[in-house]
Amino acid sequence: VTLTTDFGYKDYSISVIKAALFQQIPNVNTIDISHEISPYNHSETAYILKNAYKVFPKGSIHIVGVESEYNPENIHIVMQLEGHFFIGADNGIFSLIKEDKKAEKIVAINIWVGHRPLQSEKLLVIMAMSRSLGLSMIRVATTPAALQPHPILMVRACLPCAPDFLNNESRLKATLGK
């Protein structure tokens, strides 16, 4: 199991994740790829992982803890790519890692663990444990198109008054040319 986060080493976060892994997966080997990713930096995370994961044996589990807090727009997913399993948030990092390659499988994780600190990371540990025990990690099958941001959420973020406009059906039909 590899760990890549933007947590740094100044607090207990990494030790909590490793302790959870050791409790759930006896004799687990954990490798720290990096915990010094710049906060929320997707391209830096992808660059580091893209260049590191290939040297690990197939079947390796890569936990990505960069912008990994769960919310309705940032679900957690598992991606199987070239025999490796990546577990993390659906925030665009996996798309940057795989580039033109086709993922063997991408699934959404449909497990709720709460709102306390590091709950999202504990979810990632649960998924790593499931994979290491050979259990199915498939929770909710998804497609690459489903991994893109929801268009209406993007519209709302860019144009706060857009929902009022879109709620008016006649304006919407006129806008669409219907």
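Points worth noting:
- Computed extension gain for residue 22 through residue 104, at 0.36 nm per residue and net of the alpha carbon distance, reaches 26.7 nm.
- Segment 67-108: trypsin sites (Lys or Arg not before Pro) in DSSP coil with no more than 10 other Cβ atoms inside 10 Å: 101, 102
- Simple Cβ-charge dipole of segment 8-54, Lys/Arg +1 and Asp/Glu -1, about Cα centre, in debye nearest 20: 140
Coordinate-derived values only; no laboratory data. All of these numbers come straight from a predicted model, not from anything done at the bench. Neighbour counts run over all protein chains shown; Cβ positions are idealised from the backbone, glycine included.
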